[in-house]
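Working notes, structure below.
Derivation of every value follows stated rules applied to the coordinates shown; laboratory data play no part. Since the model is a prediction, treat every value here as computed from it, not as a measurement. Heads up, the Cβs are rebuilt from the backbone with ideal geometry, glycines too, and the neighbour counts pull from every protein chain shown.
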2 protein chains.
Amino acid sequence: MRSLIIIAHGSRRQASNDEVRQLAEQVRRLPNLPYDHVDVAFLELAEPSIPDSLAACAARGATEIVAFPYFLAAGTHVAHDIPDLVEQFSQAHPAIEVRLTPHLGASTLLPQILVALAANP
Amino acid sequence: MRSLIIIAHGSRRQASNDEVRQLAEQVRRLPNLPYDHVDVAFLELAEPSIPDSLAACAARGATEIVAFPYFLAAGTHVAHDIPDLVEQFSQAHPAIEVRLTPHLGASTLLPQILVALAANP
C-alpha cells in the first residue's frame, strides 16, 4: 500500500491551505496514479501535522510512504524540520519504507518546467 | 527582444534569494530558449525590485516581457501586489508588450509534475 504525502508549510490564510488540499485532490484524480492514497501534511499553522499525516498512513496499512516537500526554497524547514519529523516516524515504524524526496524547488527539471509554464500556463 | 522575468517573494535568507538567481541561470542555459534575456525580480527583501527589473528590460530594448510569479500560493502578493506593479510599468511603457502569467502554483500541469518529481526527483 503506497501513500504520497504532499508536505506544505501551512498558512494563517486558509485559502492557501485549501490550495494545497485541492492540489492533492487533483493528484488523486490523475489516471494511472502509482499511489493508493494521497494526503497533505502541514509543518505548522494548519492540520494535519506531519506526524499526524504519517500516522494516518500507517493506520491505513501503508507499506511505503513517499513524502514530497511542496516548498520552493531550501530553508531550515526543508533542511532540518521535515527530515527530523520523517526520521522520527521512520524509526518508530521500521516496517514502513519512508522516502523523503527533494523539495520542489530543487528539481533539476524546474527550469524546463518554468519555461513551459510561462509559454502555456 | 523578448525578456523573461522570474518574480520571487524575496527572503531575509540570502541563500533563498540565491536559489532563485541560480534557477534563472539554469533557465538561461536551456537550449532553444525563446527569450533573449532572463532575469529575476523580488517583491521585497532582495534586489532587484520588480520595477527595477522591468525598467532594466526596457533599457535593454525589450519589446516583449513575460513575467512569471514564482509563487506556490495565490495570496495578496500574487493577486494584487505583482499585477499592480506590472500594470504600472505597462502603462508607462505602452510600446512594450508585457504578459503576466499565472503563478507557479496555479498551473494545471502541477499535479502531473508533482507525481513525476516524486518518482524521479
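What residues of segment B:48-75 lie in the reach of a label at A:Gln26, counting those whose backbone N is under 20 Å from a point 7 Å from the Cα along Cα→Cβ?
Answer for segment B:48-75: B:67-75.
In nm to one decimal, list the spacings between the B:Gln26 label point and its equivalents in the other copies, with label points set 7 Å along Cα to Cβ, shortest first.
2.0
Summarise the partner chain shielding of B:101-109 as one whole number: the mean count of Cβ atoms from other chains within 10 Å of each residue's Cβ.
On the way: counts 6, 3, 2, 9, 7, 3, 6, 4, 5.
For this peptide, the per-residue mean of nearby foreign Cβ atoms is 5.
In 5 Å bins starting at 0, how do the alpha-carbon pair distances of the protein assembly as shown split up by percent?
Going from the shortest bin to the longest, the percentages are 1, 6, 14, 17, 18, 15, 11, 8, 5, 3, 1, 1, 0.
Hey, what number do you get for the protein assembly as shown at 222 nm if only DSSP H runs of n ≥ 4 count, each worth -39500 (n - 2.57), divided across all residues, to the nearest 500? Could you put the intermediate results ahead of the total?
Working: 8 runs with 93 residues, N = 242.
So the calculated ellipticity at 222 nm is -12000 deg cm²/dmol.
If you wrap a convex hull around the Cα atoms of chain A, how much volume per residue is inside, in Å³?
Numbers: hull volume 14.0 nm³, N = 121.
Hull volume normalised by residue count: 116 Å³.
Pull up the DSSP beta bridges for segment B:2-119 and report the antiparallel fraction as a percent, rounded to 5.
Numbers: 0 of 17 bridges.
So the antiparallel bridges in segment B:2-119 amount to around 0 percent.
Taking 8 Å as the Cα distance limit and 6 or more residues as the minimum spacing, I'd like the relative contact order of chain A as a percentage.
Values: 177 pairs, mean separation 34.3, N = 121.
Relative contact order of chain A: 28 percent.
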